[in-house]
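Colleague: Here it is, the structure, as structure tokens.
The values are calculated or read from the model by the stated rules, or taken from the named source; none is laboratory data. Keep in mind that what you see is a predicted model, and the values were worked out from it rather than measured. A quick note on method: Cβ atoms are made from the backbone with ideal geometry, for glycine too, and the neighbour counts reach across all protein chains shown.
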Amino acid sequence: MPRKKQAKQFKQLQAKWYAKLSKSGFEDIEANDNKLKRYDAEYFLSTSVDKAMETLQYYKQCEEFLREHNFFSKSDRGIWRLHCTGMTEEEIAKHFGVNQSTISRILGRIHKVMQDDRSDNN
């Protein structure tokens, strides 16, 4: 295929995807010249700090739940304990010798119980 035709097809495909992204609410941080639209370090730092604080709070709640909840099984408790340390689903699955989807399902179930418990206590 000639190079000009490839470039034209690429630009058409790129325009299509940019339109989809824009419609979904996505806002690119780069301008068309591949430079950042804004260099606001405070924005990036505050976002990072906020996210870190949310993550810290989440794991504190997970650890509290680990101490206080009567788990269905020892394996559920072990899976949740590893989750509380920040291990990924894939790492936990390897540790227990099961599929990641199994770990995901178990964590989802336990997480729902944790949320329900928190709702009942508030």
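Colleague: Determine which single condition Phe72 fails, assuming it passes every other condition in (1) modelled with pLDDT of 90 or more; (2) within 30 Å of Asn121 (Cβ to Cβ); (3) outside any helix (DSSP H, G or I).
Modeller: (1)
Colleague: Exactly one of these conditions fails for Ala52: (1) more than 17 Å from the chain's Cα centre (by Cα); (2) modelled with pLDDT of 70 or more. Give me its number.
Modeller: Result: Ala52 fails condition (1) only.
Colleague: Next question. If Ala7 satisfies all but one of (1) at pLDDT 90 or above; (2) farther than 18 Å from Met114 by Cα; (3) among the small types (Gly, Ala, Ser), what's the number of the condition it fails?
Modeller: Ala7 satisfies every listed condition except (1).
Colleague: Something else: Among the residues in segment 86-96, are any under 17 Å from Gln57 (Cα atoms) and either modelled with pLDDT under 95 or of a type outside the set (Val, Ile, Thr) (or both)? Give the derivation first.
Modeller: Let us first name the residues in segment 86-96 that are under 17 Å from Gln57 (Cα atoms), namely 86-87.
Cutting the leftovers down to either modelled with pLDDT under 95 or of a type outside the set (Val, Ile, Thr) (or both) gives us 86-87.
Looking through segment 86-96, at least one residue is under 17 Å from Gln57 (Cα atoms) and either modelled with pLDDT under 95 or of a type outside the set (Val, Ile, Thr) (or both).
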